[in-house]
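The values are calculated or read from the model by the stated rules, or taken from the named source; none is laboratory data. Values in this document were obtained by computation on a predicted structure and should not be read as measured data. Cβ coordinates were reconstructed from backbone atoms using ideal geometry, including for glycine residues, and neighbour counts include every protein chain displayed. Only protein heavy atoms, including side chains, enter the accessible area calculation; ligands, DNA and RNA are left aside. Shrake-Rupley method; radii C 1.70, N 1.55, O 1.52, S 1.80 Å.
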Amino acid sequence: MRRFDLVVFDLGGVIVRLAAGWEDAHRLAGLSGEPPTDRAFRALLGDLARRADGSVRASEYYERVAAASGSRYAPDDVRRIGHVWLRGEYDGVGRVFDALDAAAVETAILSNTTEDHWSRLAPESGVAEFPTVLRARRRFASHLLGLVKPDPAIYRVVERETGHTPERILFFDDLAPNVEAA
């Protein structure tokens, strides 16, 4: 008997490499100069990070960050920073899915993400910029559920939708509060 019937992966920091932070993404986007460092700007970024529940559309996010930057950024600059935030899959994650598939273990994704990132991570077209993400048999995105980790309700959705009980689910995430809540 297997110990787990379902393995659930977070995306950022687990399957997908991310920029190391705003400054790193600013640089990766090819923007000149330094990013804003004032507390108000940082606070807005922190508040807007919660947009993963789907409450703030991408275009509104770009506008709000640009406005808070004191004219440092145009909305398109913010979009470019968001785009480079996703750096590619970690080497070897496909082999992990190969092993899980060979063992007939079901796989799922549970990610706090936004519609602009999700359109690249799990495109409806099936054309894969991040091919391992599409290998997961089930995919759950916070912005579509209106919930974010570590809210216990998001884990209950995964249990209900997959039909697996918590003790039969193995969950991987790069953030301890999300693992503890699961």
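What does the helix-only formula give at 222 nm for the chain: each DSSP H stretch with n ≥ 4 adding -39500 (n - 2.57), the total divided by the residues, and the result rounded to the nearest 500 deg cm²/dmol?
Numbers: 10 runs with 82 residues, N = 182.
Value at 222 nm, helices only: -12000 deg cm²/dmol.
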- Message: In Å², and per residue, what accessible area does region 17-145 have when probed at 1.4 Å with the other protein chains present?
- Response: 52 Å²
- Query: Ignoring ligands, DNA and RNA, what percent of the 1.4 Å accessible area of the chain is carbon and sulfur?
  - Reply: 52 percent
- Message: Computed from the coordinates I sent, Rg and Dmax of the Cα atoms in Å equals one of [x] 28.0, 103; [y] 17.4, 60; [z] 15.6, 49. Tell me the label.
- Response: [y]
- Hand me the GluC sites (Glu not before Pro) from region 57-101 located in a DSSP loop with no more than 15 other Cβ atoms within 10 Å, in residue order please. none
- Message: 7 Å from Cα along Cα→Cβ at both residue 153 and residue 181: what's the point-to-point distance in nm?
- Response: 1.1 nm
